[in-house]
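Let me begin by presenting the structure, written as structure tokens, before commenting on it.
The values are calculated or read from the model by the stated rules, or taken from the named source; none is laboratory data. Please read these numbers as outputs of a predicted model, since none were measured by experiment. All Cβ positions, glycine included, derive from the backbone under ideal geometry; neighbour counts span all protein chains shown.
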Amino acid sequence: MGGADNRRSPAANNGNNTTRNLPLDPVINLDHGDPTMYETFWKKLGDECTVVIKGYESLSYFSNPKNPCWFLEPKLEDSIKCLHDAVGNAVTEGYSIVVGTGSSQLLQAVLYAVTSHDQPSQINVVAAAPYYSSYLEILDLVRSGLYKWAGDAHEFNKNEPYIELVTSPNNPSGVIRGPVVNRDGGVLVHDLAYYWPQYTPITSKLDFDIMLFTASKCTGHAGSRIGWALVKDKEVAKKMTKFMEVSTIGVAKEPQLRIAKILQVVADRCKRFGSPEGDNFFEFSKNMLAKRWEVLRETAKKSEMFILPKYPLQHCNYYGEITHINPGTENYLIMVTAFAWIKCKDEIEDCEKLFRSHNILTRSGRRFGSDPGFVRVSMVGRDEEFNMFIDRLSKIQDL
Ligand code: PMP
């Protein structure tokens, strides 16, 4: 990840004894979307989410031999269903659930499951730019004989079978998206990592054929590495399970049990709005992100160096159920996405370089198949990091 070394200021390494020990301008790493912002909420809950696993428990490879996904912990299956039901963001009835080591592993399982060793050539995999940079990285690393990266979906004009990865809300831009190729012979994979009420209005209960979710972005427990797929076609789910079986003989039970508990706690409280304890996870997180976005927008406006995206107002079915707070306004949310997709003003060709010269690490638009005039900045780090970022941003003057 390259993070630890970057925390030292370059000034600390310049051999100048007068600055060596001063933590001036430490590097702020906003390149990764590491969701440490959520620690504040989980600390408040204290021991409520503690899971104890005794030495003799969870030894077997198997969780539920009757389930086609035999390594899926029944408690996790239940809490996934319960949470989607409570939030209303996806249909689970009639779907198979496949658990993965993060949704990153599930993506590979899906690509294996929807392709075949009998096909004459590799299937094209596309995503509309700006696309999540890991798609390209994963495919490039795996170099599968079954599929290959074919770039920006907007530019895909071959009359060949394809798989389109549809990320909605999108990483990096936060935009709500649908497929763009729209041709026969295509398989759609919906990556819904951010389709949760702290990031975006929940406008319908989605029922796509293949939907990917992850605890990393839903509750912030990225370190547990738990993702899940909701899959309509049982054969596809079975092939995905086979992929996990061969690659890692399933998914570790301990994080499954931990995430089962976390999701259940979120689900149990997610219908309590405006409670003085602030124990509705989505409400708490949305407010926290909204405040950050407000500060960021103010800072960008003052500096006149950076342009932030504007998102349309939309009705949210999840918050729409609150009728007692500010009726008429509260039901409409402005998106407060997990990343800021920042464009530098036109004279600045390389936005990432500009930020780097101020010791702020971001991800260049180039990595997302887009323009170097853009950068992606994580909005979900710890408070100190965010405040430092804003402070430094406000001091970036004209070139
Ligand atoms: N999809 C998207 C759109 C993401 O942003 C991420 C995490 N950055 C993932 C998938 C992978 O998530 P994980 O492997 O942590 O579950």
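So here's what we get for this one:
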| quantity | calculated |
| --- | --- |
| All positions within segment 156-194 that are of a type in the set (D, E) and under 21 Å from A109 (Cβ atoms) | E164, D191 |
| Residue match in segment 124-145 (condition: under 23 Å from A267 (Cα atoms) and of a type in the set (K, R)) | no |
| Filtered residues of segment 169-188 (kept if touching a helix residue (DSSP H, G or I) at 6+ places or on another chain (Cβ under 7 Å) and surrounded by fewer than 23 Cβ atoms within 10 Å (Cβ to Cβ)) | V180, V181 |
| Residues satisfying the stated conditions in segment 64-116, i.e. within 16 Å of the ligand (Cβ to nearest atom) and in a strand (DSSP E or B) | A90, I97, V98, V99, G100, T101 |
| Filtered residue count, segment 193-222, keeping only those that are more than 9 Å from the ligand (Cβ to nearest atom) and outside any strand (DSSP E or B) | 18 |
| Test set (1) of a type outside the set (G, A, S); (2) closer than 23 Å to V231 by Cα; (3) more than 11 Å from the ligand (Cβ to nearest atom); (4) at pLDDT 95 or above - I176 fails condition number | (4) |
| All positions within segment 117-128 that are within 16 Å of the ligand (Cβ to nearest atom) and assigned to a strand (DSSP E or B) | V125, V126, A127 |
| Tally of residues being within 14 Å of the ligand (Cβ to nearest atom) and outside any loop (DSSP other than H, G, I, E, B) across segment 179-192 | 3 |
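This table checks each residue for (1) in contact with a Ser or Thr (Cβ under 6 Å, 6 or more places away or on another chain); (2) among the hydrophobic types (A, V, I, L, M, F, W, C); (3) touching a residue at least 60 places away in the same chain (Cβ under 8 Å).
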position	(1), (2), (3)
W196	no, yes, yes
T203	no, no, yes
A229	no, yes, yes
K253	yes, no, yes
F273	no, yes, no
G278	no, no, yes
